[in-house]
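Below you'll find the structure, written out as structure tokens, and then a few comments.
Readers should treat all values here as calculations from the given coordinates under stated rules, not as data from a laboratory. Just so it is clear, the model here is predicted, and its values are computed rather than measured.
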Amino acid sequence: MNSTPPIHPKHLDLDRERTLTVHWSDGQISIYPVVYLRKMSPSAEARQLREQMEQNPLTVLPTSMSQPSQEPLIAESIELVGNYAARIRFSDGHDTGIYSWKYLRSIDPNQPQSTDPGTNGQPE
């Protein structure tokens with residue numbers, strides 16, 4: 001049986017104030033704004049908030065999101081989690097989201113969204 005290997009990053013380039021650029025093993029390049037990555041965090045807390053907002057657009061945001069700090073959001077660091085994901089630490093203190101390669105690829109802002117990204121952020 002001939003199966004193709006899973007797509008994975010060949011190179012990650014973090015511009016802490018602007019973007020995460022991912023060079024994928026299939027040649028695609030994805031560029032994720034830092035603010036977008038924070039919004040799309042696969043953490044349980046962020047996923048639940050996205051689900052609530054989808055059901056009720058008038059959902060009350062947590063204080064940390066409704067009253068942003070005067071400082072711009074930055075990605076303070078990125079660390080690999082095994083060989084399947086990365087964890088990003090943001091300047092607002094959020095660091096609980098583990099971005100699996102599959103999830104990261106599924107939320108590429110320049111690609112059409114085929115499924116709900118909130119359901120596949122966990123490792124397989």
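Quick rundown of the values:
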read-out: ³J(HN,Hα) computed for each position of region 4-9 - Karplus, 6.51 cos²θ - 1.76 cosθ + 1.60, integer Hz, glycine/proline x; value: 7, x, x, 6, 9, x
read-out: Gained length - GLU79 relative to SER3, 0.36 nm times residue gap less alpha-carbon distance; value: 24.5 nm
read-out: Contour excess over end-to-end distance, with Cα ends at ASN110 and ARG18 and 0.36 nm allotted per residue; value: 31.5 nm
